[in-house]
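See structure below.
The values are calculated or read from the model by the stated rules, or taken from the named source; none is laboratory data. A quick note: this is a predicted structure, and the numbers were derived from the prediction, not measured. Here the Cβ positions follow ideal geometry from the backbone for every residue, glycine too, while neighbour counts run over all protein chains shown.
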Amino acid sequence: MSVILGIETSCDETGVAVIRDGRIVLANEVASQIDVHKEFGGVVPEIASRQHTKIISQLVEKALRDCSAEIDAIAATRGPGLMGSLLVGLCFGKALAYAWAKPFIGVHHIEGHIYSSMFCERAPDFPFLALVVSGGHTQLVQCPAPHRYEIIGTTRDDAVGESFDKVARLLGLPYPGGPSIQKAAEGGDPGAYRFPRAMLDTERLEFRYSGLKTAVLYALREEKAPNIANLAASFQAAAVDVLLIKTKQAIQMLGAERVVLAGGVAANRLLRQRLTAELGIDVFLPPFAYCVDNGAMIAAAADSRFRHGLLDPLSATPDPSLTLG
Ligand SMILES: Nc1ncnc2c1ncn2[C@@H]1O[C@H](COP(=O)(O)OP(=O)(O)OP(=O)(O)O)[C@@H](O)[C@H]1O
Ligand SMILES: [Mg+2]
C-alpha cells in the first residue's frame, strides 16, 4: 500500500491531492485562478505564481485534514510550465519531504495528464497510445511500458486547447475557450462552415491549428451579423475531426489496441463521443474532474514512479521546458 501527496502548480490551477495505491482518491483540492486571469483573456505568469503562493499551504492543510492517512512520498510537477508557478509547488513539496524525511518525486506534467486515466473505472494496461490534448500540447504518444514514452506526432504550431482559447476570444466568448466554445456550439450547425482540416494530405502524424483559427477570423469578418453558435460548432467539428483522423492513422501504424485520452481538451464532449464511437478499440476517457490540471494525476504518476524506485533528490529544480521520456 502506498499513499502519495501530489502537488500541481505548472500553470493557473493549484492542485493538491492525496491518493492511495495509485488510483484511490482520498483528497483532491483544486483552486482555479480562472476568475483572476479572465479579464486579461489568458494567464498572466507573475499573477499566477503569486496566487499559488497565497493558497498552497491552505490547500495542503485541507487535503491532509480530509484524509487521515500517513503519507509515504511527496510529488510535485517539475515541468513543463511557467517557471514562477512551478517553483511554488516544487519547493513546497521538497520542503515537506525534507521536514517529514520522506522520498520526493518530480513529475512531468504530461506524464501526469496521461496517468489521469488511472481514475477511469478500469485502468489501462500497457502498451497504449495516448492522445494528449491540452492548452500547450497536441501529441500522439506511444506508451510501451510505465515511464517510457515516444512522441510519434505533435503540432507544428498552436496546440488544440490554445486554438479553442484563441478562437473563443475572436468570437467574444469568455476564457477559457474550450468550455465556452463547447457551450456555444450546442445550438449551432457544425456544417454551416467548411473550415480547413490541416495535414490530412500527409501520412505524417502532425497537426496544425493556426490556419483553422485564421479561417474562423476570415469567416467572422465576412459576416454582417455573425452566427456565433454556427461558427463555434463548425470550428469544434474541424478541430475534433483532425484529432480523430490522426489518431486512427496512428492506431493503424502501431497496431495499437487501446487509446488513452489526456489533457484539458479531453473534457470535450464531442471528442469523447467520437473517439468512443469511431475507433473500434478500447478507449480510456478520464473522468471530467481529472482532465484539467489537478494534483491527483501528479500523485498517480508519482505512485508508479515510487513503486519503480524512480525517486528524485531534493536538489531537483523546475524545468519549464522539461521533455517527456
Ligand atoms: N470542454 C472543453 N472542450 C475543449 N477544450 C477544453 C474543454 N475544457 C477545457 N479545455 C481546454 O483545455 C485547456 C486547459 O487544459 P490544461 O489545463 O491541461 O492545459 P495547460 O495545463 O494550460 O497546458 P499543458 O497541459 O499543455 O501544459 C484550455 O486550452 C481549455 O480551453
Ligand atoms: Mg495541463
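Some values worked out for this structure:
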quantity	calculated
Looking only at region 3-44, and only at residues there that are within 12 Å of ligand 1 (Cβ to nearest atom) and assigned to a helix (DSSP H, G or I), the one that is surrounded by the most Cβ atoms within 10 Å (Cβ to Cβ)	H37
Odd one out for E150 among (1) closer than 20 Å to P287 by Cα; (2) in contact (Cβ under 8 Å) with a residue 60 or more places away in the chain; (3) among the charged types (D, E, K, R)	(1)
Qualifying residue in region 229-247 (condition: under 28 Å from Q33 (Cα atoms), in contact (Cβ under 8 Å) with a residue 60 or more places away in the chain and of a type in the set (F, W, Y))	yes
First in region 59-88 and assigned by TED's automatic domain parsing to the domain that holds N28 and closer than 15 Å to D293 by Cα, second anywhere and buried (at least 22 other Cβ atoms within 10 Å of the Cβ) and of a type in the set (K, R), Cβ under 9 Å, 6 or more apart	A75/R305; L86/R78
Only one of G172, G187, G191, G161 that is part of a helix (DSSP H, G or I), of a type in the set (G, A, S) and either more than 18 Å from V132 (Cα to Cα) or within 16 Å of ligand 1 (Cβ to nearest atom) (or both)	G161
Residue list for region 132-145, filter: within 13 Å of ligand 1 (Cβ to nearest atom) and part of a strand (DSSP E or B)	V132, V133, T138, Q139, V141
Odd one out for E162 among (1) crowded, with 22+ Cβ neighbours inside 10 Å; (2) under 14 Å from I245 (Cα atoms)	(2)
Unmet criterion (only one of (1) closer than 21 Å to P146 by Cβ; (2) more than 19 Å from the chain's Cα centre (by Cα)) for L96	(1)
